[in-house]
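*Asks:* Structure below; questions to follow.
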Amino acid sequence: MGIHRGYQARPVEWVAEKFIFAVSLSAILMVLLIFLFVAREALPVFFGGTNTALIQPVIPTAEMDKHSPAELRRYLELTPGEFQKMDKETLKALMDVKIEALNEVPEQFRTDADAHINTTDWRYLVLPHQWTGYDKPEYIWQPVGQIKKFNIIPLFVGTLKVTMIGLLFAVPLAVGAAIYVSQLARPRVRELAKPVIEMLSGIPSVVTGFFALIVMASVLQGIFHYDTRLNAFVAGIALGIAVIPVIFSIAEDALTSVPRTYTQAALALGASRWQTAWQIVLPAALPGVFAATVLGFGRAIGETMIVLMVCSASVMSWSIFDSARSITTTIAAEMAEAVNGGPHYRILFMLGALLFAATFVSNMVGEVVIYRFKQKLEGKK
Amino acid sequence: MNTITPPEYLPEPAHATRRFRSEKFDFWSFCFSGLTGLATLFIVGILAVILLNILYNGWGGFSWHFVSTIPKKDFFDIKTTGVLPMIVGTAFRVIVMTIFVIPVGVITAIYLTEYAPNSSIITRIIRAAVNNLAGVPSIVFGLFGLGFFINFVGKNLDKLLLNTDAVWGQPALIWASLTLAVMTLPVVIVATEESLKAIPPGLREASLALGATKLETILRIVLPQALPGIMTGGILAVSRAAGEVAPILFTGVAYYMASLPSHLSDQFMDLGYHVFVLSTQSPNIEQTRSLLYATVMTLLLLTFALNLVAILIRARVRKKLRALG
């Protein structure tokens, strides 16, 4: 006899609990899958599996057996899975096609030094290179044409430029509003202002982008009198509008969670409202405000449609009144024309993986900072 | 007001009786409150300008004819164009998404609030994963949809079903919906969790004390109480997904379709993507301006109406939560 425990006592309960637990793991599974499958498509770039050199040493079909399978696979640009499935006849046919393609390279590239290099090599991805026709080494992203240039530095600069302008615009406004709403405003104003600002996050980014493109670009040009109507500055401000609600709600939450006793003590000692807010509450909530900024950065760096609509030319320039192309924009604009499985496709996935890593880190930092902050306020539980 | 009368022998300072610290005009206090107040006002102003601008310019081109017409190939012509296929496409993908995301999100939230041991490693990892999922850029979800759903699941499904043509291994409505479901999972989880926490523990204890099992308590007591919160989560997810364009770019959206989507493996037209197409590829931006504004207004009305409902329900849930302490 005895008392039954676990699944013997209540089998249905037991099964339900295990089921609920299993489903709740799906969030972890999804993060892993995202990482796995974005990285999977990008892996060949990391291990030199892509080759974009126009002119390569030709392997005659008859000499096929002299080369190792790994060499052949790389020569034919096949994935291991594809290579395994092919019999010898198919491989031979592919080799003929390859030779034909190599013979078809236009005459002008025969003497071009750039035609011999693999532009997906790390050297050409991150370092400046003096391309034929240029007088000094340059960073160029130009994935179309015979010689495809995949330097990712202009994209990084573009992303940083737009993100920084966005944050410089959004952080002071959002934090200021958070201080006002959480500390200084009358309850009635507060009840009204908070949901209204949160409503800003309900505007789809494509609508913000549209507004920046049609209205804001002209207005800002009228105020600042710069030459290019659509530039990184307009995109940055629009991006700022999109991240304001994110930064505001996290900062407001952090400021509100500072214990009432702090404020009351300060007021009782004779501090004015703003002294309390500025010298007591804000320093206490500083980690939370910092986390809000970091999370806002993560959101801004990943925003796609706004930058895509407002500016898209990839120029290597630090000037905020030049155009800029961010990483997200590049992926969105070029994926459709990239050949599935080709070097361009792989590099776009690599950019996606880098972006994922960057936001992953900024999210983690933000979360950890907020977690510690809350622990500290609760007296290190 | 109680004021302390100063002793006779001290000379009385001017206005001494009225000078409380907080009432005195303080320059810095004024500046500080003014600046932060202005920041708040500025943000509210931006929102108002965007909304009013779109409503003012969009009203002219908006009509029943506009929302109920299937456009011909050239959708830049104001007289014959319409947005019916885009509305249907957006609604279709969002509904399919909801079917997937609500059960998974709600069950995860139930685990986190009702079952999970609070300090265990696995709970913290789940929470970290949910937070991370919320921060993944939308374009990365698009890449994920392409790399996982289309190139992996879809292609293998085609092989399994012995399809000679790509049926599932190409951009399709179901893949766009699933991608969006992954993206909006955190929204549903967080909203549901919030509403579950707002239910007084006494209710659960009473139910358990009367002999109900944990599962019965959850199904009969907790979930019905949490329904508004779950609805909020669903609505917020829908409104977020309806406006997102980046994740569907490579997973199912089409530039033009002659007919409405009818099958899960169809491609579809989408309202947000249509806004993007109209505003970046218009042959003459001045002529198509009213058309563009009307389309944006349709999208905005759709997402905003949903958002407003969600915010109202959420405010009620929060009030309840605050009352509990």
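Coordinate-derived values only; no laboratory data. Remember, it's a predicted structure, so these values are computed and weren't measured experimentally. Positions of Cβ are backbone-derived with ideal geometry, glycine not excepted, and every protein chain shown enters the neighbour counts.
*Asks:* If the chain between residue B:42 and residue B:205 were fully stretched, how many nm would it gain, using 0.36 nm times the residue separation less the Cα-Cα distance?
*Replies:* Here the segment from residue B:42 to residue B:205 would lengthen by 53.9 nm.
*Asks:* Would chain A count as rounded, prolate or oblate if I go by the C-alpha gyration tensor, calling it rounded below 1.5 in a/c and otherwise prolate when a/b exceeds b/c, oblate otherwise?
*Replies:* Oblate is the answer for chain A, as a/c is 1.5 or above yet b/c matches or exceeds a/b.
*Asks:* Please give the charge dipole size of chain B, origin at the Cα centre, charges +1 on K and R Cβ atoms and -1 on D and E Cβ atoms. Round to the nearest 20 debye.
*Replies:* It comes to approximately 560 debye.
*Asks:* Compare the Cα positions of A:214, A:72, A:202 along the charge dipole of chain A (+1 at Cβ of Lys, Arg; -1 at Cβ of Asp, Glu; about the Cα centre) and return the one farthest towards the positive end.
*Replies:* It is A:202, whose Cα lies furthest towards the positive end.
*Asks:* Among B:31, A:311, which comes first, second and so on when ranked by fewest other beta-carbon atoms within 10 Å?
*Replies:* In order of increasing Cβ crowding within 10 Å: B:31, A:311.
*Asks:* Just tell me which lysines come within less than 24 Å, Cα to Cα, of residue A:85; anything on the same chain fewer than 8 places away is out.
*Replies:* Of all the lysines, those that pass the test against residue A:85 - Cα under 24 Å, at least 8 places apart if same chain - are A:66, A:98, B:155, B:159.
*Asks:* Calculate, for residue A:134 and residue B:27, the FRET efficiency according to 1/(1 + (r/R0)^6) with r their C-beta to C-beta distance and R0 56 Å; round to the nearest 0.05.
*Replies:* 0.45
*Asks:* Taking the beta-carbon count within 10 Å as an exposure proxy, list B:271, A:173 from fewest neighbours to most.
*Replies:* If I rank by nearby Cβ atoms, fewest first, I get A:173, B:271.
*Asks:* Taking R0 as 41 Å, what's the FRET efficiency between residue B:74 and residue B:305 from their Cβ-Cβ distance, rounded to 0.05?
*Replies:* It comes out at approximately 0.85.
*Asks:* Just round it to a whole percent: the fraction of Cα-Cα distances in the protein assembly as shown exceeding 37 Å.
*Replies:* In whole percent, the share of Cα-Cα pairs in the protein assembly as shown beyond 37 Å is 48.
*Asks:* Then there's this: Report the extension gain between residue A:43 and residue A:223 in nm, rounded to one decimal, defined as 0.36 nm multiplied by the number of residues separating them, less their alpha carbon distance.
*Replies:* Full extension of this stretch gives 60.1 nm more.
*Asks:* To continue, here is another question. Please work out whether chain B counts as rounded, prolate or oblate from its C-alpha gyration tensor, where a ≥ b ≥ c are the square roots of the eigenvalues and a/c under 1.5 means rounded, while otherwise a/b larger than b/c means prolate and anything else oblate?
*Replies:* Oblate is the answer for chain B, as a/c is 1.5 or above yet b/c matches or exceeds a/b.
*Asks:* Continuing with the same structure: Quick check on the exposure proxy: order A:14, B:175, A:122 from fewest to most C-beta atoms within 10 angstrom.
*Replies:* Fewest-to-most Cβ neighbours within 10 Å comes out as A:122, A:14, B:175.
*Asks:* Using only Cα atoms and rounding to the nearest 10 degrees, what angle (0 to 90) does helix B:121-135 make with the longest principal axis of chain B?
*Replies:* Long axis of B:121-135 versus the principal axis of chain B: about 80 degrees.
*Asks:* Right, another one. Using the alpha-carbon atoms, what tilt in degrees (0 to 90, nearest 10) does helix A:282-302 show relative to the longest principal axis of chain A?
*Replies:* For helix A:282-302, the angle is close to 30 degrees.
*Asks:* 7 Å from Cα along Cα→Cβ at both residue B:64 and residue B:216: what's the point-to-point distance in nm?
*Replies:* About 5.4 nm, to one decimal.
*Asks:* Now, a different point. Could you give the size of the charge dipole of the protein assembly as shown about its Cα centre, using +1 on the Cβ of each K and R and -1 on the Cβ of each D and E, expressed in debye and rounded to the nearest 20?
*Replies:* 2660 debye
*Asks:* What is the angle, in °, between the Cα long axis of helix A:343-377 and the longest principal axis of the Cα atoms in chain A? Nearest 10 is fine, range 0 to 90.
*Replies:* Once rounded, the angle reads 20 degrees.
*Asks:* Still on this structure: Place a point 7 Å from Cα of residue B:315 in the direction of its Cβ. Which residues in region A:170-201 have their backbone N less than 15 Å from it?
*Replies:* What the label zone holds, given the 15 Å backbone N cut-off, is A:187-200.
*Asks:* Less than 12 Å apart at the alpha-carbon level, and either on another chain or at least 8 residues along: which aspartates and glutamates does that give for residue A:149?
*Replies:* The qualifying aspartates and glutamates are A:114, A:121, A:138.
*Asks:* Which far-off residues, 5 or more places away or on another chain, put their amide H under 5 Å from the one on residue A:142, with H placed in the peptide plane?
*Replies:* Excluding prolines and chain starts, which carry no amide H, the hits are A:149, A:150, A:151.
*Asks:* Classify region A:153-377 as rounded, prolate or oblate from the Cα gyration tensor: take a ≥ b ≥ c as the square roots of its eigenvalues, call it rounded if a/c is under 1.5, otherwise prolate when a/b beats b/c and oblate if not.
*Replies:* prolate
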